[in-house]
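Undergrad: After the structure tokens below, expect a handful of questions from me.
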Amino acid sequence: MKIHIFCKLLSPAITCAIVAVPSLVWSQPLPNSRGDYAEGDWNPWLVVDRDLNGLNCRRDAGTNYRVVKKFYNNKKLYVFTQGDEDLIRYYREGKAWLAVLPDGYQYSTPCYLRANNKFIQPVPE
């Protein structure tokens, strides 16, 4: 059983729903032949990038945006699920980027990192 919490700002209040979904419905995302993930609806993700300089998390999807946070190997990350934004965005080269919570708080502004199995992988249940 997987528990998901969905929240949406409905002025002037925040409305949340807790949904219990059988694990069979939610399958762990799998990368395509290039290693990119097309589905980001999974929590948590794990940084598997061993670069000592860290994995760059950017202001938006794409290498032309500034780095706002760095994550290091074995760091657990949580996806940004607030609102109707797509969890995976594609930059002009067709590379997938995942919106994550830089501080782990649902209401923080997301940053984007490459949604590729060289850098991140979903944590199995």
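Undergrad: Kindly report, to the nearest 10 Å², the accessible surface of Arg89 as traced by a 1.4 Å probe over protein heavy atoms only.
TA: Spelled out: Arg89, probe radius 1.4 Å, area about 70 Å².
Undergrad: Here is a further query. With +1 on each Lys and Arg Cβ and -1 on each Asp and Glu Cβ, how big is the dipole of the stretch 31-72 about its Cα centre, in debye rounded to the nearest 20?
TA: Numbers: 7 positive and 6 negative charges, 61 e Å.
Roughly 300 debye, rounded to the nearest 20.
Undergrad: Output ³J(HN,Hα) for the stretch 109-125: one whole-Hz value per residue in order, computed from phi by the Karplus curve 6.51 cos²θ - 1.76 cosθ + 1.60 with θ = phi - 60°, and x for Gly and Pro.
TA: These are the phi-based 3J(HN,Hα) values: 6, x, 10, 10, 10, 4, 8, 9, 5, 6, 10, 9, 9, x, 7, x, 6 Hz.
Undergrad: To continue, here is another question. Collect residues whose amide H, placed 1.01 Å from N in the peptide plane, falls under 5 Å from the amide H of Ile88; neighbours closer than 5 in sequence don't count.
TA: Gly40
Undergrad: When the accessible area of the stretch 62-125 is split by element with a 1.4 Å probe, what percent falls to carbon and sulfur?
TA: Numbers: 1770 of 3730 Å².
Answer for the stretch 62-125 is 47 percent, counting heavy atoms of protein chains only.
Undergrad: Once ligands and nucleic acids are excluded and a 1.4 Å probe is used, how much of Tyr107 is accessible, expressed in Å² to the nearest 10?
TA: Answer for Tyr107: close to 130 Å² accessible.
The values are calculated or read from the model by the stated rules, or taken from the named source; none is laboratory data. Keep in mind the model is a prediction, meaning the values are calculated, not measured. Cβ atoms come from the backbone with ideal geometry, glycine included; neighbour counts cover every protein chain shown. We work out accessible area using only protein heavy atoms, side chains counted, and drop any ligands, DNA or RNA first. Shrake-Rupley method; radii C 1.70, N 1.55, O 1.52, S 1.80 Å.
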